[in-house]
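A quick write-up on the structure given underneath.
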Amino acid sequence: MAYAQFATARHRAPERERDVVPFLRHHFGGWNPLLEGLLEELTPETSHLWHTTDLDPLPQLHRGNVVLVGDSAHPLLPFTSQGSAAALEDALCLAAQLDGTDGRVPGALNSALAAYSRRRQLELVPLLQEGRALRHHFLDPSAASCPVAPLAGFEATARSTRGQGGDGRV
């Protein structure tokens, strides 16, 4: 199984499943022998273009007695590497807010869930902003170019796009 992140503003993703493998081979072929071997083994069943989701924070993370946690509450961009950690923090925060809440008391559950929602939104906004800044840094074609370090062991075979109208990023 292979995953690839690329700038959709620069490279239009294929619309048909059968075009995914040729797309990946075109953009990633010729970089190094290890990657060439992986590309040769790709099939439509083992290839997938994963489109990231970026949503503004929801106004609340609960309605009635339904609570959103994890990606359903806040799909963080993968550049932050915080998705799983944020889901665990959601669970811990929700448990802390529900601890000692008597569901028989009118409004107690709603108050606890509203407190969970407020607290998590305050903590998640910086992660959402960080993900957007990192996405811009990594994928925006107008972003300032950064030096690209070759992978260890592939210095002699790595394909460079510098000087060919590219910026070293795909």
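The values are calculated or read from the model by the stated rules, or taken from the named source; none is laboratory data. The structure presented is a predicted model; accordingly, all values stated were derived computationally and were not measured. Ideal geometry is used to build each Cβ from the backbone, glycine not excepted, and the neighbour counts take in all protein chains shown. When the accessible area is computed, the model is the full protein with side chains, heavy atoms only, and any ligands, DNA or RNA have been set aside. Shrake-Rupley method; radii C 1.70, N 1.55, O 1.52, S 1.80 Å.
Trypsin sites (Lys or Arg not before Pro), restricted to segment 80-122: which are DSSP loop and have at most 12 other Cβ atoms within 10 Å?
When the trypsin sites (Lys or Arg not before Pro) of segment 80-122 are filtered for loop state and at most 12 Cβ neighbours within 10 Å, Arg104 remain.
How high is the FRET efficiency between Asn110 and Ala85 when r is their beta carbon distance and R₀ equals 22 Å, given to the nearest 0.05?
0.20
How large is log10 of I(q)/I(0) for segment 18-125 at q = 0.10, 0.12, 0.14, 0.24 Å⁻¹ when the intensity is taken from the Debye formula with one equal scatterer per alpha-carbon?
-0.48, -0.59, -0.68, -1.22
Using DSSP to define loop residues, name the GluC sites (Glu not before Pro) in segment 11-63 whose beta-carbon has at most 13 other beta-carbon atoms within 10 Å.
The qualifying sites are Glu15, Glu45.
Given a 1.4 Å probe and heavy atoms of the protein chains only, how would you sort His26, His11, His48, largest accessible area at the top?
Order by accessible area, largest first: His26, His48, His11.
Run the accessible area of segment 18-98 with a 1.4 Å probe and give the carbon-and-sulfur part as a rounded percent.
Within segment 18-98, the accessible surface is 60 percent carbon and sulfur.
Quick one: Cα convex hull volume of segment 87-140, Å³ per residue?
66
For Asp99, Asp54, Asp90, write out the residues from largest to smallest accessible area, computed with a 1.4 angstrom probe and no ligands counted.
Descending accessible area places them as Asp99, Asp54, Asp90.
If I model a spin label at Leu134 and Ala96 as a point 7 Å from the Cα along the Cα→Cβ vector, what separation in nanometres do I get?
2.3
Could you report the accessible area of Ser47 in Å², rounded to 10, computed with a 1.4 Å probe on the protein chains as they sit in the structure?
10
Given the convex hull of the Cα atoms of segment 72-117, what is a quarter of its surface area in nm²?
For segment 72-117, averaging the hull's shadow over all directions gives 3.4 nm².
Around Leu24, under 13 Å between beta carbons, what's the net of Lys plus Arg minus Asp minus Glu among the other residues?
-3
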